[in-house]
Amino acid sequence: MIVSATAIADVWVIEPRVFTDARGDFFESYNHRAFDAAIGHGVTFVQDNHSHSVRGVLRGLHLQHPRCQGKLVRVVTGLVYDVAVDIRPGSPTFRRWVGVELSAANRRQVWIPPGLAHGFLVLSDSADVLYKTTDYYAPGGEYTLAWDDPAVGIEWPLAEIPGRRPILSSKDAVGQSLADVARLTSAT
C-alpha cells in the first residue's frame, strides 16, 4: 500500500496495491498488520458503517466526544469529496481541513484519527461509502460542525452539483460553529 501524508498530522490517504489481469482486479481493502504499520500505531475497529447517498448529498461534519471515533473511509461505488476538520484543542493544525476525492475507481481510503470532524459530498449520481470506526456510535455525545462555517472555510466542490447547494439532513442543516463545537467538546 502507498500511504501519503496530508496537511493534518495523522490524517493519511491510503492507496492499495491492485493486482489486475484479464479477469478483473483484486486488492486488500484492509489488512490489520499493514494498516497499523502504515500509520505507526495499533488501531482496533469495532464497527463498520455503510452509507448510500445520491448526487449532492452532504453528510456531516460529524464527530463524537468524549467517545471519539477514528474512521477508515472508502467508497465502493461512485465518487465523493471527503473532508476532515481538526477540532482537537491545542493541535497545531486546529481549524485546518483536508479534502480528498474518494471513488470506486481510485480505490483510495482516508484514515481520520479520533478527535476530527468528518463529512463528505456526493459528486456522482450515487455513492456507497463504507467506513470502519474505532468506537461505537454514541448518540449522547454526537456533534455536528456546520458544513459551511466560515471559520473553517471548506472549499466544497459545489459547482459539480445541481443548484450548487447540498442536500442536507435536518440535523446537518443546523450544524454548530467551530467555536461552539470546540467549547462544548472541551467542557465534557
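Summary table
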quantity: Residue among Ala146, Ala127 that alone is under 24 Å from Ser4 (Cα atoms) and either in contact (Cβ under 8 Å) with a residue 12 or more places away in the chain or within 17 Å of the chain's Cα centre (by Cα) (or both); calculated: Ala127
quantity: Among (1) of a type outside the set (D, E, K, R); (2) closer than 27 Å to Leu184 by Cα; (3) crowded, with 21+ Cβ neighbours inside 10 Å; (4) modelled with pLDDT of 95 or more, the one test that Val98 misses; calculated: (3)
quantity: Any hit, region 46-58, residues being touching a helix residue (DSSP H, G or I) at 6+ places or on another chain (Cβ under 9 Å) and under 22 Å from Glu142 (Cβ atoms); calculated: yes
quantity: Of the criteria (1) β-branched (Val, Ile, Thr); (2) crowded, with 19+ Cβ neighbours inside 10 Å; (3) out of contact with any Phe, Trp or Tyr (no Cβ under 8 Å at 6 or more places or on another chain); (4) at pLDDT below 95, which one Ile2 fails; calculated: (2)
quantity: Criterion violated by Gly40 - all others in (1) within 30 Å of Gly163 (Cα to Cα); (2) small (Gly, Ala, Ser); (3) more than 13 Å from the chain's Cα centre (by Cα) satisfied; calculated: (1)
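Residue-wise test of (1) surrounded by 20 or more Cβ atoms within 10 Å (Cβ to Cβ); (2) under 17 Å from the mean Cα position of the chain (by Cα); (3) part of a loop (DSSP other than H, G, I, E, B); (4) modelled with pLDDT of 95 or more.
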| residue | (1), (2), (3), (4) |
| --- | --- |
| Ala9 | no, yes, yes, no |
| His52 | no, yes, no, yes |
| Val73 | yes, yes, no, yes |
| Val76 | no, yes, no, yes |
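Residue-wise test of (1) of a type in the set (S, T, N, Q); (2) within 22 Å of Phe35 (Cα to Cα); (3) touching a strand residue (DSSP E or B) at 6+ places or on another chain (Cβ under 9 Å).
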residue: Arg74; (1), (2), (3): no, yes, yes
residue: Asn106; (1), (2), (3): yes, yes, yes
residue: Tyr131; (1), (2), (3): no, yes, yes
residue: Asp135; (1), (2), (3): no, yes, yes
residue: Gly153; (1), (2), (3): no, no, yes
residue: Ala159; (1), (2), (3): no, no, no
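The values are calculated or read from the model by the stated rules, or taken from the named source; none is laboratory data. This structure is a prediction, so every number in the text was calculated from the model and none was measured. Every residue, glycine among them, receives a Cβ derived from its backbone with ideal geometry; neighbour counts consider all protein chains shown.
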